[in-house]
Amino acid sequence: MADSPQYPSSASASGNSGAAGEAADSTPESITAIAALPPILSIWDCERIKKIIDDKGSKIWKCGWCKCSFRQHNATKAVAHVAKQKGAHIAKCTAKIPEGKSYTWHEKYSLPYTKVLGYVACRTTSKILGIGAAERAWGDVKTLKTDKRSHLSADKTEKQAIIYTSAKVNEARILQQAMEKIDAKGKDAMWGDDDLNFDLGLERWGVDVDELKEMGVPKRIFRGWIEDWEKDILKKDDAECEALLLEKYKGLTFYDLDYKITYTAYEKQLHYQKGRGGGWCVFGVPPDDEGEDEPYLINNNLIEMILETPQPKHLNVEIVKKDSNNSNEE
């Protein structure tokens, strides 16, 4: 049953006479009562169907599924449109209306207002009809309940099956993510050299294929001054403060005139220097065989070195400087 046309059937609208408006506590205890909602007595009560009066005073209505508009407020045709009925002299809704969740409709519009219908409808329309899920669950149980463990109680079997199944699902997701990477290898890899080299012959039309193959990197804005939010956390030895500062400075390069070396800010962590005049520092990583890592306090001197050093192209960094009035950004 499609749950999209949100209007009651004859059974839920008029059946169970006198039951509409019953208190929610009349529902059996095994079903959790939800906040009462006004019952849908007309197609116009559906949140997807909108009645509109245009600027000229004409009556039109709009279907929220297919976004089509129709003249006159005709409830019969509106129902026929959403239900995709033939012979109603109105176009059928072309949208793909979700099916298979009719229990959610009954939970909202039947359960709070009826004694029996809502309870029965929720119980019967929420059941999985396919056997696949049950077979997979039983397969996990048979894996756990071997000959030597045949006396496992039902409670222990259920708990262990849940843990085992959850672990297997998580393991499969990790494997899938690994196989989706470009550098993945093996027969199960989803990307290979043939996929990367496939270019549709675009070079014949003057397209720079190599440029298209480069991985796009979001633009990174670096503001070349100690920002207000930084002033509050530069002296706080806290993991959250470290993460915020690291996000701004990681991977940036700066040239030290004293050592004559271009350093790169370490991307994985910062260093907190204790004592007077201390605070958060970046680890300056030199090129291979050109010295040792050096901590640099995050201050105006470090920022000045960053501003004077060309940044790696792959970082796609845009430098923003503060003008002499400390008010406008260039």
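The values are calculated or read from the model by the stated rules, or taken from the named source; none is laboratory data. Since we're looking at a predicted model, the values are computed, not measured. Every residue, glycine among them, receives a Cβ derived from its backbone with ideal geometry; neighbour counts consider all protein chains shown. We work out accessible area using only protein heavy atoms, side chains counted, and drop any ligands, DNA or RNA first. Shrake-Rupley method; radii C 1.70, N 1.55, O 1.52, S 1.80 Å.
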Only one of Lys50, Lys92 is over 30 Å from Val120 (Cβ atoms), of a type outside the set (A, V, I, L, M, F, W, C), modelled with pLDDT of 80 or more and assigned to a strand (DSSP E or B). Can you tell me which?
Lys50
Output yes when any residue across region 164-172 is farther than 30 Å from Ile298 by Cα and either touching a helix residue (DSSP H, G or I) at 6+ places or on another chain (Cβ under 6 Å) or modelled with pLDDT under 80 (or both), and no when none is.
yes
Which of the residues that make up region 121-138 are part of a loop (DSSP other than H, G, I, E, B) and hydroxyl-bearing (Ser, Thr, Tyr)?
Ser126
In region 84-98, residues that are touching an Asp or Glu at 6+ places or on another chain (Cβ under 9 Å) and open to solvent by 40 Å² or more (accessible area, probe 1.4 Å) total 1
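Check region 247-259 and report whether any residue there is open to solvent by less than 90 Å² (accessible area, probe 1.4 Å), more than 20 Å from Glu227 (Cα to Cα) and part of a loop (DSSP other than H, G, I, E, B).
no
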Within region 225-243, how many residues turn out to be touching a residue at least 40 places away in the same chain (Cβ under 8 Å) and assigned to a helix (DSSP H, G or I)?
1
I'd like to check which strands (runs of 3 or more DSSP E) are fully inside region 277-320 and have at least 2 residues that are of a type outside the set (S, T, N, Q) and touching a Cys at 6+ places or on another chain (Cβ under 7 Å).
294-297
If you check Glu290, Glu329, Glu304, which single one turns out to be surrounded by fewer than 14 Cβ atoms within 10 Å (Cβ to Cβ) and either modelled with pLDDT of 90 or more or among the aliphatic types (A, V, I, L, M) (or both)?
Glu304
Listed residues Tyr263, Tyr259; which is modelled with pLDDT under 90 and of a type in the set (Phe, Trp, Tyr)?
Tyr259
Could you please tell me which pairs satisfy a Cβ distance under 7 Å, a separation of 6+ or placement on different chains, a first residue in region 251-267 that is on the phi > 0 side of the Ramachandran plot, and a second residue that is open to solvent by less than 10 Å² (accessible area, probe 1.4 Å)?
Gly251/Ala265
Criterion: surrounded by 15 or more Cβ atoms within 10 Å (Cβ to Cβ) and at pLDDT below 85 - qualifying residue of Ser110, Ser126
Ser110
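Looking at Thr94, is it under 32 Å from the mean Cα position of the chain (by Cα), of a type in the set (Val, Ile, Thr) and farther than 26 Å from Ile128 by Cβ?
When the stated conditions are applied, Thr94 passes them.
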Go through region 142-178 and give me each residue that's more than 28 Å from Ala189 (Cα to Cα), charged (D, E, K, R) and either in contact with a strand residue (DSSP E or B) (Cβ under 8 Å, 6 or more places away or on another chain) or open to solvent by 100 Å² or more (accessible area, probe 1.4 Å) (or both).
Lys142, Asp147, Lys148, Lys156, Glu158, Lys159
List the residue pairs whose Cβ atoms are under 8 Å apart, where the first residue sits in region 146-158 and is within 21 Å of Arg136 (Cβ to Cβ), the second is in a helix (DSSP H, G or I) and open to solvent by less than 90 Å² (accessible area, probe 1.4 Å), and the two are 6 or more positions apart or on different chains.
Leu152/Leu144; Leu152/Gln160; Thr157/Val141; Thr157/Leu144
Within region 58-83, residues open to solvent by 50 Å² or more (accessible area, probe 1.4 Å) and over 13 Å from Cys46 (Cβ atoms) come out as Lys59, Lys67, Cys68, Ser69, Arg71, Gln72, His73, Asn74, Thr76, Lys77
Select from region 204-224 the residues that are modelled with pLDDT of 75 or more and assigned to a helix (DSSP H, G or I) and write down the one among them that is least open to solvent (accessible area, probe 1.4 Å).
Arg204
